[in-house]
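Notes follow the structure.
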There are 2 protein chains.
Amino acid sequence: MGAERWSSGGQPPQQSGLDVTMEFKNQPTVTLAEVAEAAGVGESTVSRVLRNHGSFSGKTRERVMAAVERLGYVPNRIAGTLASTGSRLVAFVIPSLSNIVFPDVLRGASAVLEENRYQAVFSVTDYDPGKEEALAAAMLAWRPAAVMLAGCEHTEGTVKMLRASGCRVVELLDLDGDALDIAVGFSNRAAGRESAAFLLKRGYRRIGYVGHDLNRDTRAGKRFSSFCETLGAHDAPLVAREILAGASSVENGRLGLERLLARTTDLDAVYFSNDDMALGGYFHCLAQGIAVPSKLAIFGYNGLDIGRATPQPLSTIRTPRVATGEIAAQLVVTNAPPQSVDLGFELVEGATA
Amino acid sequence: MGAERWSSGGQPPQQSGLDVTMEFKNQPTVTLAEVAEAAGVGESTVSRVLRNHGSFSGKTRERVMAAVERLGYVPNRIAGTLASTGSRLVAFVIPSLSNIVFPDVLRGASAVLEENRYQAVFSVTDYDPGKEEALAAAMLAWRPAAVMLAGCEHTEGTVKMLRASGCRVVELLDLDGDALDIAVGFSNRAAGRESAAFLLKRGYRRIGYVGHDLNRDTRAGKRFSSFCETLGAHDAPLVAREILAGASSVENGRLGLERLLARTTDLDAVYFSNDDMALGGYFHCLAQGIAVPSKLAIFGYNGLDIGRATPQPLSTIRTPRVATGEIAAQLVVTNAPPQSVDLGFELVEGATA
DNA sequence: GGTTTTTTTGGCAGCGCTACCAATTTGCTG
DNA sequence: CAGCAAATTGGTAGCGCTGCCAAAAAAACC
């Protein structure tokens, strides 16, 4: 991997001469009441103009806006939320930010939320159900309009808390289970099943698996078990598996395949827990001169963009990650009734299997 | 790329039988006052116990906690924030969630913030300075403890607003400019310079560039201009460049290199705006049988993990993305004085240049 | 036992805004 | 121009919590 060296990065650390923060620390912020006074109108009038809600004359509107401009007034949403019923916060409790899946979901959701003047807040559970419970509790303290969680497996405490909270609950990316309120995503079991069916259809019979920690990532676990069941049902049970302890990564995929092949010589296809892992496996084959797919087929999961640009496009299942976020957000802002939305997924044949 | 087909994903859409949400919609939430009554103590006592702040007897503590448990009380942070001075919200205004850089920064920051019971909120500007201004304004309405922004180029309006807000401002990932308050990152100019120096040192003289839209991503622009200056200063000016309109992506990198090579036949090295693009270029070479680095060297930027697992590890500059988030968050929670922190970067020699 | 300290408590005034209602002004109709 | 409806306004009571202060209780002291 070559030597490495550290760079100081050019400019020396610098002290900003402008200590704006300290100076203004307890700067009295402009309040709505001050705007009202400056504009010569009542507080409620200012409130109405600013929210464009209720009626007021054009003249009043101008005066208020002028005062707002002049004083540099920034409304206080904390106060506004407290005074009104229901906030415009949407809380995301996600397992990870390393797994591109979740940034993708956030991206889709955030676009829709921003359009509707909602605000996204998030925290990261690191795939730990206990932490999920604690963070969900912390989130509820902000009285969000909705809480979005990954999957449909949660601790009893989490479920109880969410139920009692009265806010919308959206479970994302997994439809294999009972939804608390709204669920948006697809069936991971179906994904595992179709992956297996595809490999079988292509004639592969000696199939292996390389995955990451399945106890934590229950959705990957579901795919894997359905995958195995389907293979079994077609008299081609899984030949070997290699489970790596850490999180999914390209390097783990590469390492996992290397180990698997060291133990098992006659595999004709390998299913990976996701595209990161699969790319690692593919790179291993490229590096070792293992012909893909003639000597060994590779199949992933997620449908990352990068899989389309590799020398051979990766065979995988493309999941609607951004759409999941978008739809979820849409349902929340429209206060849709409880429902499960199946967005399906797309099997990408690619060229590695 | 093979045919594709859509799957319904197994289970049919289902309606949840438990309409928890509707039922509890206007469910009177438990307030601190109710807890106080149930515990037979005053409101302020409950408040003190819950925040573990001020003094109270062990007996009181138990009674309060029992009441909290019994009633399922969840404190209202909105009210708490309004009543107290200073919130524990930290607002992120980031250009994108597709570019892994920002999820990485969020990841580092979020870990530190969670430990300190701060809450992260974010919104995405899509690299649009105008949108940045609007979103920053929206963020300030939540009266966050700090606003974190990418880079140090902002509209006049944004700067004015942030200055007036009195909250901490952290500028991330770029030290080439004047910091408003706190800045954490490294010098992009230095990164461009060192990339050029490295290629020159290796003996490459006919160097090209493949990049994405530089007007939007000013940090990539800075790297590029310093890169060119350095080449020029060593009598090996940039030979050719290919700028793609869209966002950076592996596919654009591949396409960009293809176009560049179609125009310019005698290049010996190509610098890419980042690793995504560089990987695309690398894949193009693999697919076309162009020997790397003997026939063409490839150099990226970011130091993504995937670049370490490719058949030949990618030559690149590894940036401290997670650390940037961590340090930034640390400085905010400790209310550190204004400062710029240079985290540097690491040149990874790899095997593609 | 009577003080003086110290610890523990409760009351209550806001934080800045919105929702509701009543008061005022304006616009129309006949 | 009276007479009534509609459009605008302002006043004010909270939203649920924290921070301050004074009161009460407990502990320490002589």
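The values are calculated or read from the model by the stated rules, or taken from the named source; none is laboratory data. Not measured: the values here are computed from a predicted model. So basically every Cβ, Gly included, is an ideal-geometry build from the backbone, and we count neighbours across all protein chains shown.
Worth pointing out:
- Positions within region B:34-43 being more than 8 Å from DNA strand D (Cβ to nearest atom), of a type outside the set (Gly, Ala, Ser) and surrounded by fewer than 18 Cβ atoms within 10 Å (Cβ to Cβ), in sequence order: B:Glu37
- Test: residue in region B:267-275 that is more than 10 Å from every other protein chain (Cβ to nearest Cβ), assigned to a loop (DSSP other than H, G, I, E, B), at pLDDT 95 or above and crowded, with 24+ Cβ neighbours inside 10 Å: yes
- Filtered residue count, region B:82-92, keeping only those that are in contact (Cβ under 8 Å) with a residue 12 or more places away in the chain and surrounded by fewer than 24 Cβ atoms within 10 Å (Cβ to Cβ): 3
- Residues (crowded, with 21+ Cβ neighbours inside 10 Å and either within 20 Å of B:Ser225 (Cβ to Cβ) or within 10 Å of another protein chain (Cβ to nearest Cβ) (or both)) located in region B:289-305: B:Phe299, B:Gly300, B:Tyr301, B:Asn302, B:Gly303, B:Leu304
- Residue match in region B:116-128 (condition: touching a residue at least 60 places away in the same chain (Cβ under 8 Å), more than 16 Å from the chain's Cα centre (by Cα) and not in a loop (DSSP other than H, G, I, E, B)): no
- For the criterion of being of a type in the set (Lys, Arg), at pLDDT 50 or above and over 30 Å from A:Asn335 (Cα atoms), B:Arg48 passes.
- When region A:299-308 is filtered for residues that are in contact with a Ser or Thr (Cβ under 7 Å, 6 or more places away or on another chain) and in a helix (DSSP H, G or I), the ones remaining, listed by number, are A:Asp305, A:Gly307.
- Between A:Glu133, A:Glu115, A:Glu171, the distinction of being away from DNA strand D (no atom under 16 Å from the Cβ), more than 9 Å from chain B (Cβ to nearest Cβ) and more than 18 Å from A:Ala329 (Cβ to Cβ) belongs to A:Glu133 only.
This table checks each residue for (1) within 12 Å of another protein chain (Cβ to nearest Cβ); (2) out of contact with any helix residue (DSSP H, G or I) (no Cβ under 7 Å at 6 or more places or on another chain); (3) hydrophobic (A, V, I, L, M, F, W, C).
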| position | (1), (2), (3) |
| --- | --- |
| B:Thr265 | no, yes, no |
| B:Ala278 | yes, no, yes |
| B:Ala287 | yes, yes, yes |
| B:Arg308 | yes, no, no |
| B:Val322 | yes, no, yes |
| B:Pro337 | yes, yes, no |
| B:Ser340 | yes, yes, no |
| B:Glu349 | yes, yes, no |
| B:Thr352 | yes, no, no |
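- Residues of region B:309-346 that are touching a Gly at 6+ places or on another chain (Cβ under 9 Å) and part of a strand (DSSP E or B): B:Ser315, B:Thr316, B:Ile317, B:Arg318, B:Ser340, B:Val341, B:Asp342, B:Phe345, B:Glu346.
- Note on region B:326-335: among residues that are of a type outside the set (Ser, Thr, Tyr) and more than 10 Å from chain A (Cβ to nearest Cβ), the one that is nearest to B:Val105 (Cα to Cα) is B:Glu326.
- The residues on offer are B:Glu258, B:Glu229, and the sole one that is assigned to a helix (DSSP H, G or I), more than 30 Å from A:Glu69 (Cβ to Cβ) and more than 12 Å from every other protein chain (Cβ to nearest Cβ) is B:Glu229.
- Qualifying residue in region B:216-224 (condition: away from chain A (no Cβ under 14 Å) and within 19 Å of B:Val348 (Cα to Cα)): yes
- Candidates in region B:37-79 are the residues that are in a loop (DSSP other than H, G, I, E, B) and within 12 Å of chain A (Cβ to nearest Cβ); of these, the one that is nearest to DNA strand C (Cβ to nearest atom) is B:Asn76.
- Applying a threshold of 8 Å to beta carbon distances and a minimum spacing of six or more residues, or different chains, the list of pairs starting in region A:48-77 at a residue that is free of Cβ contacts under 8 Å to residues at least 12 places away in the same chain and ending at one that is assigned to a loop (DSSP other than H, G, I, E, B) and near DNA strand D (Cβ under 9 Å from one of its atoms) reads A:Arg48/A:Gly54; A:Arg48/A:Ser55; A:Arg48/A:Phe56.
- Search result, residues across region B:44-61 that are of a type in the set (Lys, Arg) and either near DNA strand D (Cβ under 10 Å from one of its atoms) or under 38 Å from the mean Cα position of the chain (by Cα) (or both): B:Arg48, B:Arg51, B:Lys59
- Considered as a group, the residues in region A:227-249 that are under 16 Å from A:Asn274 (Cβ atoms) and of a type outside the set (A, V, I, L, M, F, W, C) include one that is surrounded by the most Cβ atoms within 10 Å (Cβ to Cβ), and that residue is A:Ser248.
- On inspection, B:Ser248 passes the criterion of being within 12 Å of chain A (Cβ to nearest Cβ) and over 12 Å from B:Ile298 (Cα atoms).
- Annotation note: of A:Leu97, A:Leu106, the sole residue that is within 14 Å of another protein chain (Cβ to nearest Cβ), part of a loop (DSSP other than H, G, I, E, B), away from DNA strand D (no atom under 16 Å from the Cβ) and surrounded by 22 or more Cβ atoms within 10 Å (Cβ to Cβ) is A:Leu97.
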